[in-house]
1. Using the Karplus curve 6.51 cos²θ - 1.76 cosθ + 1.60 with θ = phi - 60°, work out ³J(HN,Hα) for each residue of region 9-16 in order, rounded to whole Hz, and write x for Gly and Pro.
2. Could you tell me how many degrees, from 0 to 90 and to the nearest 10, lie between the Cα long axis of helix 195-209 and the main elongation axis, the longest principal axis, of the Cα atoms of the chain?
3. When ranked by the protection proxy of mean other Cβ atoms within 10 Å per residue, highest first, what sequence do the peptides 162-168, 267-273 form?
4. Before anything else, pin down the relative contact order of region 100-220: Cα pairs under 8 Å, at least 6 apart, normalised by residue count, whole percent.
5. Taking the Cβ-Cβ separation of THR74 and GLU39 as r and a Förster radius of 22 Å, what is the calculated FRET efficiency to the nearest 0.05?
6. What order do you get for 12-19, 81-88, 169-176 when each peptide is scored by the mean count of other beta carbon atoms within 10 Å, highest first?
7. Per-residue ellipticity at 222 nm for the chain, helices alone: DSSP H runs ≥ 4 residues times -39500 (n - 2.57), over residue total, nearest 500 deg cm²/dmol?
8. Need one number: nm distance between label points at ARG63 and GLU171, each 7 Å from Cα along Cα→Cβ, rounded to one decimal.
Amino acid sequence: MTGATDERLRLGLAQLEVEPTAVDANVERALEAISRAAERGADLVALPELFNVGYFAFDSYNRLAEPLEGETLTRLREAAADHEIAVLAGSIVEDLAATETADTPAEEGLANTAALFDADGELELVYRKHHLFGYQSAESELLVPGERIETATVAGVPVGATTCYDLRFPELYRRLIDAGAELVLVPSAWPYPRTEHWETLSRARAIENQAFVATINGSGRFPDEDATLLGRSTVYDPWGTTLASSGDDPTLVVADLDLGAVDRVREEFPALRDRRL
């Protein structure tokens, strides 16, 4: 694979089956998805939120937390380099006290952390989920929120990341756009029955920011929490049009992003220039 051309970036969304606490099996699924995405010519592949542990496996967070240098991200970093494809490692439960290679928002505790590796396996971006879910969820009690907003360039495209519940907070996306992002990746563990929220919020973030938004959800059921992930991983263009989407079963979604679309849409319909706040 030679990377994106001047005209497009091929993006893969790995909608994985996420088995609660089955880290080895989940990571193997992620590695297989990275390989498949590379075979299909993807420049970048993204994984779901807490793909290795499972979002709703709250009782296992402490036991299964890893630093950025831990086994899960090391294997994905190596896979990125081996297949010459950029990888957004959707997120893991990060042990902040054990992380050594990046600044952390606290000296100890856990975070919901996504890491972006380039096609050489180099760490380009770390995003820790800013908005922690409290509604029928233990996340806000267990984790430390992130603070930093960064972008990275993948094959010439400025990329940012947010995570799941962050979709409900449009000001975060405005800050990413102001930082230059043209593609925002949103690894998630979004459950039934809130399908309409998932689809509406994601499309709205694309429309109002005139940027590509790609939502990467998992697939699977968490019996202890009576939660089922709804899948429906989707790529939206800067008009909010769906470029590619899935159902609720495990799959690989692939879409070609027209890299000139962001500038054209913003020039044709200059809503961002008309901002007063």
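The values are calculated or read from the model by the stated rules, or taken from the named source; none is laboratory data. In this text, all values refer to a predicted model and were calculated from it rather than measured experimentally. Backbone-built Cβ (ideal geometry, glycine too); neighbour counts: all protein chains shown. Heavy atoms of the whole protein, side chains included, go into the accessibility calculation; ligands, DNA and RNA do not. Shrake-Rupley method; radii C 1.70, N 1.55, O 1.52, S 1.80 Å.
1. In residue order, the calculated couplings are 10, 8, 10, x, 10, 8, 7, 8 Hz.
2. Once rounded, one gets 50 degrees.
3. In decreasing order of mean packing, 162-168, 267-273 become 162-168, 267-273.
4. So the answer I get is 19 percent.
5. Details: r = 22 Å, r/R0 = 1.02.
It comes out at approximately 0.45.
6. Details: 12-19: 26.6, 81-88: 23.2, 169-176: 16.4.
Packing order, densest peptide first, comes out as 12-19, 81-88, 169-176.
7. Details: 7 runs with 70 residues, N = 277.
Dividing the helical sum by the residues of the chain leaves -7500 deg cm²/dmol.
8. If labels sit at ARG63 and GLU171, their model points lie 3.9 nm apart.
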